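See below for the structure under consideration.
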Amino acid sequence: MVQGLRQVFSEGRTREYSWRARQLEGLKRFLVEREAEILEAVAGDFSKPSEETWFTEVHYLLSEIDLQRRMLKSWMKPHRVHTPLRYQPGRSYYVCEPKGVVLVISAWNYPLQLALAPVAAALAAGNCIVLKPSELAPVTAALLSRRLPHYLDADAFKVVQGGPEETGALLAERFDHIFFTGSARVGRIVATAAAGFLTPCTLELGGKSPCIVDRDTTIDVAARRIVWAKFLNAGQTCISPDYVLVDRRVERQLLEALCRARENMYGHCSGQRPSYAKVINEHHTRRLHSLMNGVRVVCGGRVDISRCMIEPTILAGVDFSSPVMQEEIFGPLLPVIAYDTADEAAELAARTGTPLALYIFSRNRKLQRFFTGRIRSGSVC
Ligand code: NAD
């Protein structure tokens, strides 16, 4: 299969603007024409509300594709740059080129978006693609495999379903680029396999994203935003606030506001309501359940293992040696930890490594700059 794709790439059609534009058009048509099936498939994997799926998966991809379509011509043009004296009287350009055959390996938590955003980029860049969706979201993976090739150039785009074994078989092949979304553990396996071929990789990994709440902020607004961002997709979002560090002087106030916001958004029986996603499987439900050991549940906390449901849960009495602070939570548990000084908060946040995102609730610009200077992160909000 990979050799076949290499052959298609070498014939050159994927380099053409018209081919690339057609693929992006096809991807968009897939999202529009198959919207109902997509919403149903994601609900099959997560039993979550279709509004949430549309917002976080379909709409996200439509805007991504629109951007690609808008920018494609200008990205494909050679960009003239200054020529240094020693190369005069030459002219200098840089030119973006397709890489060849690209492998996209995706995670389960946003099973459509995480698979198709890198696919859109790789198509816009004129590559042939093998997509390996996550086996943990099997209904969406099956839909992608069954429908998507009909909307794209099926000679240049393949879907391979399966888990570690099938991914291992793919990694034994030479690709020209690998785009991986998932855990650091599997990221190491992917990077090691790629190194054998000197294949460049993009690794989109996880981590513990801290959320710092200073006393100089509107606590109710901070609480609402934290609850929204944390419990979207039942906390199974890579940039979800993993834990909260709060100025001790407003700790009680924040805990009360978080519980109020949680109550307003999800109600008493939030774990039972279809307007809230389930945990992906029993294994992860048990893992998350065990992270509640030895800490205080401030609100929420009910778990139904057989239905993979965990209520949106706020935790206190947590310290950095608690099990819940040893790994990325990736579920609907929110530990709140108090700090006394900004130095202490920065030191605590730095202990959990470089996060994808850092959230700061403070009106104090000096303090914002202090935290962004001390804590390295993929993005800051
Ligand atoms: P995972 O690493 O378990 O799996 C990711 C992919 O790797 C899947 O397609 C899976 O089939 C494959 N895989 C699993 N084991 C393998 C093995 N032994 N050999 C080869 N391939 C293997 O990750 P996951 O549980 O699907 O996703 C959760 C993680 O992804 C979290 O850490 C989350 O933060 C991260 N994530 C990151 C982003 C981002 O954009 N940075 C987005 C979403 C999720």
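Please treat every number below as a calculation from the coordinates, not as lab data. Predicted model, so just to flag it, every value in this text is computed and none were measured. Cβ: placed from backbone, ideal geometry, glycine included. Neighbour counts: every protein chain shown.
Spherically averaged projected area of the convex hull of Cα atoms, the range 208-282: 5.4 nm². Extension gain for PHE197 to ASP216 (0.36 nm times residue separation, less C-alpha to C-alpha distance): 1.6 nm.
Under a Gaussian network description of the chain, with springs only between Cα atoms under 10 Å, the residue in TYR93, TYR17, TYR151 that fluctuates furthest is TYR93.
What would the Debye formula give as log10 I(q)/I(0) at q = 0.13, 0.18, 0.24 Å⁻¹ for the alpha-carbon point model of the range 260-354, no solvent? So the normalised log intensities work out to -0.48, -0.85, -1.24. Extension gain for CYS381-GLU51 works out to 116.4 nm (0.36 nm per residue, less the C-alpha to C-alpha distance).
For the range 149-211, the extents of the C-alpha atoms along the principal axes are 44, 30, 21 Å, listed from largest to smallest. Shape index of the range 158-255: Rg/Rh, with Rg the Cα radius of gyration and Rh the Kirkwood radius from the inverse mean 1/r over Cα pairs, equals 1.20. Peptides 69-76, 225-232, 292-299 ranked from most to least packed give 225-232, 292-299, 69-76, packing being the mean of other C-beta atoms within 10 angstrom over each peptide's residues.
With semi-axes defined as the square roots of five times the eigenvalues of the C-alpha gyration tensor, the equivalent ellipsoid of the range 9-135 measures 36, 14, 13 Å, largest first.
Under 28 Å of direct C-alpha separation, and excluding same-chain neighbours fewer than eight residues apart, LYS208 reaches these lysines: LYS48, LYS132, LYS230, LYS278, LYS366.
Per the Debye formula on identical point scatterers at the alpha carbon atoms of the range 127-167, with no solvent, log10 I(q)/I(0) at q = 0.23, 0.30 Å⁻¹ is -0.72, -1.03. Its residue count N sets the reference 2.2 N^0.38 Å, and the alpha-carbon radius of gyration of the range 272-311 equals 1.13 times that reference. Spread over its residues, the convex hull of the C-alpha atoms of the chain is 165 Å³ per residue.
A protection proxy built from the mean count of other Cβ atoms within 10 Å ranks the segments 2-10, 115-123, 210-218, most packed first, as 115-123, 210-218, 2-10. Close amide H contacts of LEU334 (hydrogens built in the peptide plane, cut-off under 5 Å, sequence separation of 5 or more or a different chain): THR313, ILE314, LEU315. Here, P(r) means the percent of Cα pairs in each 10 Å bin from 0 to the largest distance; for the range 67-167 it is 14, 37, 24, 13, 8, 3.
Contact order for the chain, expressed relative to its length and based on alpha carbon pairs under 8 Å spaced 6+ residues apart, stands at 15 percent.
Compute the helix-to-body angle for 138-147: its Cα long axis versus the longest principal axis of the chain, expressed 0 to 90° and rounded to tens. Once rounded, the angle reads 20 degrees. Distance between the modelled labels on HIS283 and HIS59, one decimal in nanometres: 3.3 nm (7 Å Cα→Cβ projection).
Taking each residue as 0.36 nm, the span from ARG374 to ALA184 lengthens on full extension beyond its C-alpha to C-alpha distance by 66.1 nm. Dipole size of the chain about its Cα centre, with +1 on Lys/Arg Cβ and -1 on Asp/Glu Cβ: approximately 1100 debye, rounded to the nearest 20.
Relative contact order of the range 287-371: 22 percent, from C-alpha pairs under 8 Å at least 6 residues apart in sequence. Annotation: amide H of GLY378 within the under-5 Å range of LEU356, ALA357, sequence separation 5 or more or interchain, hydrogens built in the peptide plane.
Each Lys or Arg adds one and each Asp or Glu takes one away; over the other residues whose Cβ falls under 13 Å from the Cβ of ALA41, this sums to -1. Give, to the nearest whole percent, the P(r) tail of the range 39-109 beyond 14 angstrom, counting all Cα pairs. Everything past 14 Å amounts to 76 percent.
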